[in-house]
Amino acid sequence: MKKILVTGGAGFIGSNFINYILSNRKDIFIVNLDKLTYAGNLQNLKDVEQNPNYTFVKGDIVNDELVSYLFQKYEITHVINFAAESHVDRSILGSEIFFRTNVLGTNVLLENAKRFGVEKFIQISTDEVYGSLGPEGQFEETTTLQPNSPYAASKAAADMMALAFHHTYQVPVVITRCSNNYGPYQFPEKLIPLMIINSLNNKKLPVYGDGMNVRDWIYVIDHNKAVELVLDKGKVGEVYNVGANTEKPNIEIVKLLLKHTGKTEELIEYVKDRPGHDRRYAIDSTKIKNELGWVAHHSFESAIQDTIKWYIDHQKWWKEIISGDYQNYYQLQYSSHS
Ligand code: NAD
Ligand code: DAU
């Protein structure tokens, strides 16, 4: 039995991971440690809360005493660190919490993995650590790290600490660096859910700059299957890029979402650009495909329609979010962009 400390399991990718893994595997016990920040939501985990192979602990990964208690109490054999402050725009509004959670928090987890010993420590990183591409080329695992936003810099720092713990103390670290995810339970501040929800509400769709920044999209379940493969077969000390070769300019995504929600392009509003906005991401996943046999099973064309349908069918989920504290963030972020 693998006894896995999953951190940030009440967020978008972490909750999809827990729901997916517990419905497919009987050999895994999960301790979900989540601080329940604005982005954490236990509604995402309703289907697993009674599962005997699952337990939830509300807490902060920076809390060394709590983390060390959990390692001992549950005899943790593996760590998957999803917990993070994850939104670039918020990191531009204020960077301190990004440093605290993403760097110090990862360090606390690594120290405990060193102290108690684990079979594997998976650090969930991002393609943003590589910086921005010109019109050609893709990020490879050997690409130099050149993070541009405070968020990306904090994730790069965490990656460096993880690799240093492997090099110095032989902590069995593996890093995944994935491209932009979409799918159910994504918090409404991110491009795809924000545009779907605004469109359903007949609100303006705020496109930064000229709308020609490119992101490389992957369905969240394809990302999580890659994490599962890394858990089972990933080689320690290695970095694996994960992406589905689906590069799209933002404006193309926005127009597609408008079309599928039956709205006109009159809702599009070009607003002031994100400061330091990375122009293009594209990720080369040859290594995880060749070495671990990973493939992306979902096409963008069908998975984006499933995602839109999910937001249409789960209005209660996002209405509770957008009626709360999120309103204050939305005002702050978009009043400074117009
Ligand atoms: P999210 O913001 O939806 O969820 C983050 C979760 O972490 C929340 O449940 C939050 O409560 C929890 N958390 C935050 N600070 C914490 C702390 N100090 N202690 C414990 N829990 C804490 O993020 P996401 O989009 O699900 O991203 C998950 C991970 O994947 C992050 O590490 C992110 O950097 C990485 N990633 C995200 C994407 C993407 O497209 N969303 C792509 C590549 C990598
Ligand atoms: O590449 C992986 C990263 O993808 C993850 O590490 C991050 O956690 C995740 O948030 C995401 O970062 P991005 O900054 O790429 O995602 P976001 O959804 O914020 O923005 C996607 C693109 O859309 C980006 O070019 C900015 C643009 N955008 C975004 C918002 C919220 C707009 O034009 N308007 C908006 O209102």
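The values are calculated or read from the model by the stated rules, or taken from the named source; none is laboratory data. Keep in mind that what you see is a predicted model, and the values were worked out from it rather than measured. Because the Cβ atoms are built from the backbone with ideal geometry, glycine has one as well, and the counts that use them run over all protein chains shown.
Considering only segment 77-87, I want to know if a residue exists there that is of a type in the set (Gly, Ala, Ser), assigned to a helix (DSSP H, G or I) and in contact with a strand residue (DSSP E or B) (Cβ under 8 Å, 6 or more places away or on another chain). Please lay out each step first, then the result.
As a first pass, look at segment 77-87 and keep what is of a type in the set (Gly, Ala, Ser): 83-84, 86.
Now drop any that are not assigned to a helix (DSSP H, G or I), which leaves none.
No: segment 77-87 contains no residue that is of a type in the set (Gly, Ala, Ser), assigned to a helix (DSSP H, G or I) and in contact with a strand residue (DSSP E or B) (Cβ under 8 Å, 6 or more places away or on another chain).
I'd like to check something: does segment 274-287 contain any residue that is among the hydrophobic types (A, V, I, L, M, F, W, C), surrounded by 14 or more Cβ atoms within 10 Å (Cβ to Cβ) and within 26 Å of ASN16 (Cα to Cα)? Show your work before the answer.
The first filter runs over segment 274-287 and keeps only residues among the hydrophobic types (A, V, I, L, M, F, W, C), leaving 282-283.
After this cut, where a residue has to be surrounded by 14 or more Cβ atoms within 10 Å (Cβ to Cβ) as well, the list is 282-283.
Next, only the ones that are within 26 Å of ASN16 (Cα to Cα) stay: 282-283.
Checked segment 274-287: at least one residue is among the hydrophobic types (A, V, I, L, M, F, W, C), surrounded by 14 or more Cβ atoms within 10 Å (Cβ to Cβ) and within 26 Å of ASN16 (Cα to Cα).
Among the residues in segment 159-178, are any within 10 Å of ligand 2 (Cβ to nearest atom), of a type outside the set (Phe, Trp, Tyr) and modelled with pLDDT of 95 or more? Don't jump to the end; show me each part of the working.
The first filter runs over segment 159-178 and keeps only residues within 10 Å of ligand 2 (Cβ to nearest atom), leaving 177-178.
The next check asks that each one be of a type outside the set (Phe, Trp, Tyr); those that pass are 177-178.
If we keep only those that are modelled with pLDDT of 95 or more too, we end up with 177-178.
Within segment 159-178, one or more residues are within 10 Å of ligand 2 (Cβ to nearest atom), of a type outside the set (Phe, Trp, Tyr) and modelled with pLDDT of 95 or more.
Would segment 23-35 turn up any residue that is out of contact with any Pro (no Cβ under 7 Å at 6 or more places or on another chain), closer than 26 Å to THR144 by Cβ and not aromatic (Phe, Trp, Tyr)?
Start the filter on segment 23-35 by keeping residues that are out of contact with any Pro (no Cβ under 7 Å at 6 or more places or on another chain), which leaves 23-35.
Subsequent filtering for residues that are closer than 26 Å to THR144 by Cβ retains none.
No.
Could you pull out every one of the helices (runs of 4 or more DSSP H) wholly within segment 105-209 that has 1 or more residues that are in contact with a Gly (Cβ under 7 Å, 6 or more places away or on another chain)?
On the way: elements: 106-116, 150-169, 191-200.
Of the helices (runs of 4 or more DSSP H) lying wholly inside segment 105-209, those with at least 1 residues that are in contact with a Gly (Cβ under 7 Å, 6 or more places away or on another chain) span 150-169.
Checking the condition surrounded by fewer than 20 Cβ atoms within 10 Å (Cβ to Cβ), within 15 Å of ligand 1 (Cβ to nearest atom) and modelled with pLDDT of 95 or more, which residue from LEU22, LEU33, LEU5, LEU66 passes?
Values: LEU22 fails: within 15 Å of ligand 1 (Cβ to nearest atom); LEU33 fails: surrounded by fewer than 20 Cβ atoms within 10 Å (Cβ to Cβ); LEU5 fails: surrounded by fewer than 20 Cβ atoms within 10 Å (Cβ to Cβ).
Testing whether each residue is surrounded by fewer than 20 Cβ atoms within 10 Å (Cβ to Cβ), within 15 Å of ligand 1 (Cβ to nearest atom) and modelled with pLDDT of 95 or more leaves just LEU66.
Taking segment 79-117 as the search range and keeping residues that are in contact (Cβ under 8 Å) with a residue 40 or more places away in the chain and of a type in the set (Val, Ile, Thr), which one is farthest from ligand 1 (Cβ to nearest atom)? Before the answer, list the steps.
Going residue by residue through segment 79-117, those that are in contact (Cβ under 8 Å) with a residue 40 or more places away in the chain are 79-93, 95, 98-99, 101-116.
Restricting the remaining residues to those that are of a type in the set (Val, Ile, Thr) gives 79-80, 88, 92, 101, 103, 106, 108.
Working: VAL79: 12, ILE80: 10, VAL88: 10, ILE92: 15, THR101: 4, VAL103: 11, THR106: 9, VAL108: 9 Å.
Step by step, filter segment 79-117, then rank; the result is ILE92.
Which helices (runs of 4 or more DSSP H) does segment 218-317 wholly contain that include 3 or more residues that are touching a Pro at 6+ places or on another chain (Cβ under 9 Å)? Can you show your working first?
Numbers: elements: 220-233, 250-260, 286-292, 300-313.
So the answer is 300-313.
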